[in-house]
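Below: the structure, in structure tokens.
The values are calculated or read from the model by the stated rules, or taken from the named source; none is laboratory data. Since the model is a prediction, treat every value here as computed from it, not as a measurement. A quick note on method: Cβ atoms are made from the backbone with ideal geometry, for glycine too, and the neighbour counts reach across all protein chains shown. Only protein heavy atoms, including side chains, enter the accessible area calculation; ligands, DNA and RNA are left aside. Shrake-Rupley method; radii C 1.70, N 1.55, O 1.52, S 1.80 Å.
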Amino acid sequence: MDMWTDLSSPVVSARADLAWQHAGTEITAGFGNGVTVPVLADLFFREGNGVRLNPDLRPERVRWEIEGGVRQELGILAGASLSVRGFKGEVGDMVLWGLSPAYGFVWTPRNFDVRREGGEFSLSVRPFHQLAITGSGTIASVTRDVPNGSQVLYRPLGTADAGVLWQPGPWSFDARWHYIGIRYPNSSGINPLPAFGLLDAAIERRITQFLLLRGEVHDITDRRAEFIAGFPSPGRSFTLSLTAGTP
């Protein structure tokens, strides 16, 4: 239950989930509503060049979305599993960034009604205790809630991830590949931005029980990909972090 500005009464978001499990098989189903409030960065932040805040954003509200999935343990390898999930529904007032003619064509977050449907799969394999391999892929159609609505701007139809983790003793090595499918910078469905893949890697060393040292390399191949036209990512970067904990 939530209460938001300009609402005359609280709104209840109800959802029901069902799961059935037998041996290495699990089947799940869900049906219901949900709500996500806008993040503070979208509501109030220091304005930059060509960026405008929007303190009047409304929460995103999932409208009677239905989903179902199957997860299967694979007997060929210990610790291996495969899962598939599908979903279909509507989202009212989804928060999306775009160029607003009302504000002189500057970037601003606004609310839009959209239809969302698609599916995802994931595979996890652990050949032995120190090694884990994962992979996943998603197809998500997110279109404006109008007849023949186009895919939401800059929202890829397909994405994928693959990763490997090796943990010999106090050391840890991991690498992950991210794939972002084509995106459309306009609602006409022309001039798509090309798909691209990014590769990250990291090495980690536990120095003591409460002290952890980690080094990471992002975008190893220095793709400098453009998630949004004209705004390339910074490319290859390095991060060194030291984490201290308490008992």
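Checked against the criterion of being open to solvent by 40 Å² or more (accessible area, probe 1.4 Å) and either under 30 Å from residue 132 (Cβ atoms) or among the basic types (Lys, Arg) (or both), the candidates 18, 40 yield just one match: 18.
Here's the yes/no breakdown for (1) open to solvent by less than 70 Å² (accessible area, probe 1.4 Å); (2) of a type in the set (Asp, Glu); (3) within 16 Å of the chain's Cα centre (by Cα):
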residue: 138; (1), (2), (3): yes, no, yes
residue: 144; (1), (2), (3): no, no, no
residue: 149; (1), (2), (3): yes, no, no
residue: 166; (1), (2), (3): no, no, no
residue: 176; (1), (2), (3): no, no, yes
residue: 184; (1), (2), (3): yes, no, no
residue: 218; (1), (2), (3): yes, no, no
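Residues of region 226-247 that are open to solvent by less than 60 Å² (accessible area, probe 1.4 Å) and in contact with a Pro (Cβ under 7 Å, 6 or more places away or on another chain): 229 alone.
Residues that are among the β-branched types (Val, Ile, Thr), in contact with a strand residue (DSSP E or B) (Cβ under 8 Å, 6 or more places away or on another chain) and under 30 Å from residue 148 (Cα atoms): does region 189-212 have at least one? Taking every residue of region 189-212 in turn, none turns out to be among the β-branched types (Val, Ile, Thr), in contact with a strand residue (DSSP E or B) (Cβ under 8 Å, 6 or more places away or on another chain) and under 30 Å from residue 148 (Cα atoms). Quick one: which strands (runs of 3 or more DSSP E) sit completely within region 149-247 and have at least 2 residues that are at pLDDT 95 or above? It comes to 158-166, 171-180, 196-208, 211-218, 237-244. Are any residues in region 57-89 within 23 Å of residue 11 (Cα to Cα), open to solvent by 70 Å² or more (accessible area, probe 1.4 Å) and touching an Asp or Glu at 6+ places or on another chain (Cβ under 7 Å), and if so, which ones? Across region 57-89, the qualifying residues are 58, 63, 88. Of all residues in region 112-123, those satisfying the criterion of being open to solvent by 30 Å² or more (accessible area, probe 1.4 Å) and touching a Lys or Arg at 6+ places or on another chain (Cβ under 7 Å) are 112, 117, 120. Scanning region 97-108 for residues that are crowded, with 17+ Cβ neighbours inside 10 Å and among the small types (Gly, Ala, Ser) turns up nothing.
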